[in-house]
Amino acid sequence: MKASSGLASLGLVLALSALAQPPPQLRQPRKPKNEDREPVTQALPVLKDPPAAVAAETAKLTFHVSPLSAKGLLSPQTRDAIGALMKLNRGARIVKLRAFVAGTGDMRRVQSIVSEIFTDKKQPLPALSTIQVGALPMEGAQVVIESVSEEKKPKHPFGLVFFSGQTGDGVAAAISRLAAAATSAQVPAAGMLRVTCFLGSVEEIDAARGEAARVFPAAALDFVQAIRGESGTSAVCEGAGSKSEAGPPVALTPGAAAVSMPKLVFTGTQLAFREQDADLRLAFERLEKSLEPLGVAYKDVVFSRIYPLNRSVGERTTKMASEFLSPNVPFSPPIFFEGLPSLDSTVAVEVVAASR
């Protein structure tokens, strides 16, 4: 009995001793290298600004206007418009965009979206002009974009003609005057490539579209109301067409610029701030600097447009232009617009120059 009791006591001691031992440690898996480090914050690349000016071959240029859409707000509509223009251009290099924005959307979004889309598609950025207008001919539409692109094959062996705005008391009168200017410049009705009409009232747009399509059946058409809430039947129509006969390299008249030079240079808009002569002169000086890298200067300018926000600045800018541009360079008549990309700006200027 004593032996049995001793064995039981020994067994109890061994059992208690085993329970008192710490459990064996399991081998921890090795952490991957640098796992404990915080992930590096990836900054989005800064989008490039559109170039101040772009050159293209005159004979290869083509013109398009994006279809209107009421789907979404400014940003999705801008994306849709650019996508539509890229399809219309079928791979041709887009060298200039002019966007007319209606509504209260931030116009600066247009430049950001243009830069983003062209960068993603690894395509060179076009020159860009963005102007705020009163209304577009579709309920809910906030943007329409015009494009100038360079095709692979020549289309205009005799060159192009750019027509400044022709004014009329009504749409029919403005288009009739544009047609007369085209005839004088040896551009047949079927050779008009793009027509843009700035109307006094959106109620005139249906009539304008029908008349322009009848007179210029092959042209890309664009219609905007320059000032919101404006009334009346006044209209100003400008255009670009293909010459049907040979002529001098450059022929300038008060209402048209006929060009058969090998290349054309398109600028974006240069903004001016305030209305003093010094402010306007600075804008023209900056615009001239944007031409220099492409080997042209103001002496080579063949066409110009201004986008003033009021009559005073429009008259001052037109007068200031005479200090820089040749006296025969066509200038569109004063058309006043709703706004520009910068809230402090009062007028924008853009030009087309000819180059060898």
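The values are calculated or read from the model by the stated rules, or taken from the named source; none is laboratory data. As the structure is a computational prediction, the values presented were derived from the model and not from experiment. Note that we place each Cβ from the backbone using ideal geometry, even for glycine, and neighbour counts take in every protein chain shown. SASA here: full protein model, heavy atoms, side chains in, ligands and nucleic acids out. Shrake-Rupley method; radii C 1.70, N 1.55, O 1.52, S 1.80 Å.
The strands (runs of 3 or more DSSP E) found entirely in the stretch 36-154 that carry 3 or more residues being at pLDDT 95 or above and either of a type in the set (Ser, Thr, Tyr) or within 13 Å of the chain's Cα centre (by Cα) (or both) are 61-65, 93-101, 127-132, 143-150. Filtering the stretch 254-312 to residues that are open to solvent by 70 Å² or more (accessible area, probe 1.4 Å), among the acidic types (Asp, Glu) and farther than 25 Å from residue 336 by Cβ leaves only 292. Scoring residue 341 on the criteria (1) under 21 Å from residue 134 (Cβ atoms); (2) touching a residue at least 40 places away in the same chain (Cβ under 8 Å); (3) open to solvent by 10 Å² or more (accessible area, probe 1.4 Å); (4) not in a loop (DSSP other than H, G, I, E, B) leaves a single failure, condition (4). Note on the stretch 46-82: among residues that are in contact with a helix residue (DSSP H, G or I) (Cβ under 9 Å, 6 or more places away or on another chain) and basic (Lys, Arg), the one that is farthest from residue 250 (Cα to Cα) is 71.
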